[in-house]
Amino acid sequence: MQLEAMPPVVRLTHVSRTYQAGALEVRALDDLTLEIPPGRFSVVIGASGSGKTTLLNLIGCIDAPSAGAVEVCQQKVAELDDDAVADFRARNIGFIFQTFSLIPVLSAYENVEYPLLLVGMPGPERRRRTLAMLEAVGLAAQAQRRPNELSGGQKQRVAIARALVKQPQLVLADEPTANLDSATGASIISLMRRVQADSHTTFIFATHDPQLMSHADEIFAIRDGALLEHRGSAS
Amino acid sequence: MIGVLVKIAWRNIVRNRRRSLMTASAVAAGALAMLLFLGYTTYIFLGMETGNVQHLGHLRVFRAGYFLYGAGNPSAYGIDGYREVMRSIGADPVLEPMIRVLTPTQSLMGIAANYRGDNAASRTFFGEGIIPSDRDRMLRWDQYHTGIYHPLDPPMADADESRGLIGTGLARILNLCAPLALPECPPAPAAAPPPGEHPGKVNADIAELAGRDVPQGGRAPGGAQIDLLAATVGGAPNVVSLNVIGAQPQGAKELDDAYVLMHLALAQQLVYGREEHKITAIVLQLKDSRYLSAARARLNALFRERHLDLEVRDFAELVPFYGQVIRLFSSIFLFIALVMGMIVLFAVVNTMTMNVMERINEIGTSRAMGVRRSRIRAQFLIEGTLIGLIGTAVGAALAIAIAALVNRSGITWIPPGNATAIPLHLDVLGRPLRALGICAGLVLVATAAALLPANRAARLSVVDALRHI
Ligand SMILES: Nc1ncnc2c1ncn2[C@@H]1O[C@H](COP(=O)(O)OP(=O)(O)OP(=O)(O)O)[C@@H](O)[C@H]1O
Ligand SMILES: [Mg+2]
């Protein structure tokens, strides 16, 4: 496929991230080097505390490495100032969180629409895209509901719609099913798999549930902040 | 984009209904207190200005030096050739359209005596000689629609130079209660004559000076005649008789006990005798108080141009009390504003801090989605502004409603410098710019108070905020 010829969407070179916890220095990521090809459904797997969230934060440009370089969508993140990074995220990166993190005072529709407002999309186009996205996650009927009127699974669907509506290059999902029962979790996974396949967006999915590996195109196993194993599915 | 920020801010205000209500109430209380006080002071200020402009005019032209030294001897500071000066003022193309009344006045001092009847009495008086029709026109000035108009009662006439009005206190002292049919004027207790001089002596002297027979009792019904004694400019003693047609209360007791209002011609006759008749001051009443400084500047220019040794004073200089009242009320207002501003500040800081703390995860999420720091700050600033706006609007509405109630209730009070009680009136919108300033100030304080928490929200690290659940 022609995607293979494209440069990696994420490139980490000798990245470390240390936290200062009192007098103690915690090395959450330790000299990590990896590349993630575009258009794949990648899974980062590791035990609790292994550094998955830290890794996703660096890839998502909401955290900076203590050492090493992070390049996302061919952009060296360290070169951007704070506002530029924010704008970069608004254009290129979608987030899905374990706790859904919808804006509670906005309806499902307004939550999905918000990222389009951030990139300054004009009204009619915005509306069309928002409605189509809600349709795609099966929540067209619940568009006017506030988050507190939705079930956990429905909230996560809204969050998926919100992450994907701007058609970003990269979607990061940090344990998106951890707060859901297994049946709902499974349906969320298959939904993500489906929209990923439709949009060819690069998905990076962090979990400590080995069951989910079966869905992955690429698997990055980490332990104690270091890459233990990389298994890519040969296309 | 700003639309969604306002939407989020507004919905959070509604969501935290109780908290927002408490905070907005603090703002509303501030607006209410300040606007009602403004209404009260506006009413007083405009009322005092109206009273002063009605009686003194906006500007008075004196011979140079009169303002500082003339009070001791008003007659010595007469304006030479005042008719010519007045003509040139009235014909000036700059001044002419501003002027409502241009009129001469003569101040004088002397002794007022009533030697008719059994209780002869005398007292030093302070007098004003005016042109009755001009004075009446001046008394009708009401730029601010205060409704204040106390005409000369009974009216004096341009054609009758002998008529005049006196203060009620002076009427009482001169035993004119009965002839003038004054209410609230008990008969004087029988006073023992002071040892030495006979009380009627000075009056008899005046009568003799006037070269007249002394008729018994008052004159026409509802009137009385008194004699006014003064030294002329030349130093000769002089007497005129005044037909007192009524008494009018004056604000200050000292004035009420000494005030005589008479026809200019009579005053001039008493002060100048057979010499050239001059005046103490040329009075200018302007159509609009806003012309004051322009008119003053023009007058000064005119006098310089014509080498006239004249000076111009405005009513605030003539009545220091006016400035004192304004300063007093202004400092009280400042105090109220300070206290209310502090209350609003702390209430909004407290509420907005709570709002930020509760929404840390939401802030992290928004930032991750690509919302800039400045927009997070704006988000919370807007919330503070909205609370300020709501509170101010409610406070303003309450102030207007309460003012309307008070104004309709007919509560009366005696303003400073007034002799009689008048209805209390709260003129909340009388100075709209100030009212607007108060409202804008409160909204600004609320916004400024939100700045601290908003900055804190904007500075949060995205990762830390997201970890916060
Ligand atoms: N802000 C922080 N301050 C101090 N230590 C931190 C901080 N964030 C993470 N760590 C530490 O860094 C290491 C990696 O944390 P991270 O959250 O990336 O792990 P994780 O793989 O996402 O774990 P989990 O599966 O439990 O979410 C852990 O040891 C953690 O305690
Ligand atoms: Mg984690």
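The values are calculated or read from the model by the stated rules, or taken from the named source; none is laboratory data. All values derive from a computational prediction rather than experimental measurement. FYI the Cβ positions are ideal-geometry reconstructions off the backbone, even for glycines, and counts take in every protein chain you see. The area values use the complete protein model at the heavy-atom level, side chains included, leaving out ligands, DNA and RNA. Shrake-Rupley method; radii C 1.70, N 1.55, O 1.52, S 1.80 Å.
Please enumerate the residues belonging to region A:3-26 that are away from ligand 2 (no atom under 16 Å from the Cβ) and surrounded by 14 or more Cβ atoms within 10 Å (Cβ to Cβ).
Result: A:P8, A:V9, A:V10, A:R11, A:L12, A:T13, A:V15, A:S16, A:T18.
Given the structure, is B:T41 assigned by TED's automatic domain parsing to the domain that holds B:T351 and at pLDDT below 95?
yes
Regarding B:R313, is this residue within 45 Å of the chain's Cα centre (by Cα), open to solvent by 40 Å² or more (accessible area, probe 1.4 Å), touching a residue at least 12 places away in the same chain (Cβ under 8 Å) and farther than 29 Å from B:L35 by Cα?
Yes, satisfied.
Go through region A:106-120 and give me each residue that's within 11 Å of chain B (Cβ to nearest Cβ) and either under 14 Å from B:G370 (Cβ atoms) or touching a residue at least 24 places away in the same chain (Cβ under 8 Å) (or both).
If the condition is that a residue be within 11 Å of chain B (Cβ to nearest Cβ) and either under 14 Å from B:G370 (Cβ atoms) or touching a residue at least 24 places away in the same chain (Cβ under 8 Å) (or both), then A:L106, A:S107, A:N111, A:E113, A:Y114, A:P115, A:L116, A:L117, A:L118, A:V119, A:G120 are the ones that fit.
Of the residues A:L164, A:L172, A:L139, only one is within 16 Å of ligand 1 (Cβ to nearest atom) and out of contact with any His (no Cβ under 8 Å at 6 or more places or on another chain); which?
Just a single option satisfies the conditions, and that option is A:L172.
Might you let me know whether region A:96-103 holds any residue that is more than 10 Å from chain B (Cβ to nearest Cβ) and either buried (at least 22 other Cβ atoms within 10 Å of the Cβ) or within 16 Å of ligand 2 (Cβ to nearest atom) (or both)?
yes
Can you pull out every residue in region B:273-302 that is touching a Gly at 6+ places or on another chain (Cβ under 7 Å) and basic (K, R)?
Scanning region B:273-302 gives a single hit, B:K278.
Need a quick list: helices (runs of 4 or more DSSP H) entirely within region B:1-106 having at least 1 residues that are more than 30 Å from B:M354 (Cα to Cα) and over 30 Å from the mean Cα position of the chain (by Cα).
Details: elements: B:2-15, B:17-56, B:66-69, B:82-91.
Per the criteria, B:82-91.
Would you please list the contacts, defined by Cβ atoms under 8 Å and residues six or more apart or on different chains, that run from a residue in region B:439-468 that is part of a helix (DSSP H, G or I) and within 16 Å of ligand 2 (Cβ to nearest atom) to a residue that is open to solvent by less than 40 Å² (accessible area, probe 1.4 Å) and among the charged types (D, E, K, R)?
B:V462/A:D63; B:V462/B:R367; B:V463/A:D63; B:A465/B:R367
Pull up region B:67-80, narrow it to residues that are among the hydroxyl-bearing types (S, T, Y) and touching a strand residue (DSSP E or B) at 6+ places or on another chain (Cβ under 7 Å), then point me to the one that is surrounded by the most Cβ atoms within 10 Å (Cβ to Cβ).
B:S75
Please note which helices (runs of 4 or more DSSP H) are completely contained in region A:1-120 and include at least 2 residues that are at pLDDT 95 or above and either within 15 Å of ligand 1 (Cβ to nearest atom) or in contact with a Cys (Cβ under 8 Å, 6 or more places away or on another chain) (or both).
Passing ranges, in order: A:52-59, A:82-92.
Which numbered condition trips up B:H468, out of (1) at pLDDT below 95; (2) open to solvent by less than 20 Å² (accessible area, probe 1.4 Å)?
Looking at each condition in turn, B:H468 falls short on (2).
In region A:158-179, what residues are within 16 Å of ligand 2 (Cβ to nearest atom) and either part of a loop (DSSP other than H, G, I, E, B) or more than 14 Å from chain B (Cβ to nearest Cβ) (or both)?
Those that are within 16 Å of ligand 2 (Cβ to nearest atom) and either part of a loop (DSSP other than H, G, I, E, B) or more than 14 Å from chain B (Cβ to nearest Cβ) (or both): A:E175, A:P176, A:T177, A:A178, A:N179.
Being surrounded by 20 or more Cβ atoms within 10 Å (Cβ to Cβ) and within 14 Å of another protein chain (Cβ to nearest Cβ) is the filter here; which residues of region B:376-395 pass it?
Answer for region B:376-395, where residues must be surrounded by 20 or more Cβ atoms within 10 Å (Cβ to Cβ) and within 14 Å of another protein chain (Cβ to nearest Cβ): B:I376, B:A378, B:Q379, B:F380, B:I382, B:E383, B:L386.
Taking the stated definitions as given, is B:M369 without any contact (Cβ under 8 Å) to a residue 12 or more places away in the chain, closer than 24 Å to B:R18 by Cβ and over 36 Å from the mean Cα position of the chain (by Cα)?
It is false that B:M369 is without any contact (Cβ under 8 Å) to a residue 12 or more places away in the chain, closer than 24 Å to B:R18 by Cβ and over 36 Å from the mean Cα position of the chain (by Cα).
If only one of B:N407, B:N361 is touching a Pro at 6+ places or on another chain (Cβ under 9 Å) and at negative phi, which one is it?
Unique residue meeting the criteria: B:N407.
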